[in-house]
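The values are calculated or read from the model by the stated rules, or taken from the named source; none is laboratory data. Bear in mind that the values here come from a model prediction, so they are computed numbers and not experimental data. So basically every Cβ, Gly included, is an ideal-geometry build from the backbone, and we count neighbours across all protein chains shown. Accessible surface is based on the protein model in full, side chains and every heavy atom, while ligands, DNA and RNA are left aside. Shrake-Rupley method; radii C 1.70, N 1.55, O 1.52, S 1.80 Å.
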Amino acid sequence: MIRLTIPSIEEDDLQAVREVLASGYLVQGARVAAFEQAVADYVGVQHAVAVSNCTAALHLGLLVLGVEPGDMVLVTAYSFVATANVIELCGAQPVFVDIQPDTFNLDPSQLERTLKRLMAKAHRDRMVKAILPVHTFGQMADLTAIMELANRYELPVIEDAACALGATLHGRQAGTWGAIGCFSFHPRKAITTGEGGMIVTNDATLASRLRALRNHGQDPDASLPDFIMSGFNCRMTEFQAALGLSQMAKLARIIAARRRLAAHYDELLRDTPTQAPAVAPDSESVYQSYVVLLPEEAAAYRDELIARLKEQGIETTIGTWHMPLTTYFCGRYGYGAGDFPVADEVFARSLTLPLYESMSQPQQEEVVCALQDSLQLLE
Ligand SMILES: Cc1ncc(COP(=O)(O)O)c(C=O)c1O
């Protein structure tokens, strides 16, 4: 089976985890702090706070930005549901914004239109609390334009960089543009800790509140234990952090391999009706997923295509979710087809191809051949 993804776990990763397990000190030790420092240094920020997963990172991030019941947060329509769920979990409303057809990222012109509409209603002004762009499939959203709008309307940006550790735009790292950036270390990301997340910020006050919130509300700056707010337990374990540290040492190598493999897929797809993913100018994707657009007519039989490829030993899947059209968001806010036309189209036609560091070029050729054959057969 050519799998969708295989994490790059090697003997030194196993050894790092074994050492922690053998030590008997499984939580709240030095490895979490060292992993935080490694990520902070890598992206170039002052503070990094490790948490149990990126969903927790986003949830705590929204809370420290002051998102409360009744507020609104502007968010891309096309992402994994965690991105919008966390807004709901704060009691706030996600206001979805359509995406760009080529990069699949939040469309700044649609964001501007939505902001103008919401901010024009003076009584609603205070309710828009933040903008939550996602760096979809490992490519940064247009943060230059989004930050310009955020500054104009004095709104904080929290970046969902779950898939984008190491991605850059104009040479600047994902996660470092807004007030807060959130990363995931789920096994489908470039590096993994099993489950795991990291929040990065240059704001010491936000970092301190995040540290309290992830640890039962305990004051992170007090010498004696004291509890200054109601908090969660979203701590990362020592063995996850040990794995994270040894994975960080391979991040550059893994990203380079993913970019090489993506370039080879681009070449293989050049003269086919399947559209390779586009990368915006001066943007460096880490290709968390390699997502193609199938020909329009193939949308109707995409599930069959995925099943056929699976029978041939090739694991593929859809791109990500059209969040407004999931049962929950559709039922709650009454969205329908046509409300986000670009997301409609991308959601229907996207297909994720296998991509992992140890994948070979012949395997990629097998994937593209099988894809082309199946498309012809199902036409
Ligand atoms: C864009 C995006 N945001 C958030 C998440 C949630 O991350 P985690 O699984 O670490 O909670 C994911 C997970 O796949 C994701 O793809």
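See the values below:
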read-out	value
Contour excess over end-to-end distance, with Cα ends at T327 and Q37 and 0.36 nm allotted per residue	100.4 nm
Kirkwood-type radius of the stretch 26-91, with distances r between different C-alpha atoms, in Å	13.6
Assigned charges on the beta-carbon of Lys, Arg, Asp, Glu; the chain dipole about Cα centre (debye)	800
More than 13 angstrom apart: percent of Cα pairs within the stretch 311-360	65
Antiparallel DSSP beta bridges within the stretch 109-205, percent to nearest 5	55
Inter-site label distance for D102 and L14 at 7 Å from Cα along Cβ, in nm	4.5
Gap separating the Cα centres of the stretch 155-198 and the stretch 268-312, nearest whole Å	23
Fraction of accessible area attributable to carbon and sulfur, the chain (%, probe 1.4 Å)	52
DSSP beta bridge pairing in the chain, given as percent antiparallel to the nearest 5	60
Value of Rg to Rh for the chain (Rh from inverse mean 1/r over Cα pairs, i.e. Kirkwood)	0.98
Per principal axis, descending, Cα span of the stretch 272-335 in whole Å	38, 38, 22
Rg(Cα)/(2.2 N^0.38 Å) for the stretch 245-379, N = residue count	1.16
Rounded to the nearest 10 Å², the accessible area of T317 at probe 1.4 Å	40
Reciprocal mean inverse distance between Cα atoms of the stretch 72-177 - Kirkwood radius, Å	13.7
Using a Förster distance of 45 Å, the FRET efficiency for Q28-M127 (Cβ separation, nearest 0.05)	0.75
The chain: most fluctuating residue of C90, C54, C163 per GNM, C-alpha cutoff 10 Å	C90
Computed lengthening from M1 to T144, 0.36 nm per intervening residue step minus Cα-Cα distance	47.4 nm
Spatially proximal lysines relative to K121 (Cα-Cα < 29 Å; intrachain offsets below 8 disregarded)	K129
For Y290, residues with placed amide H under 5 Å, excluding near neighbours	L353
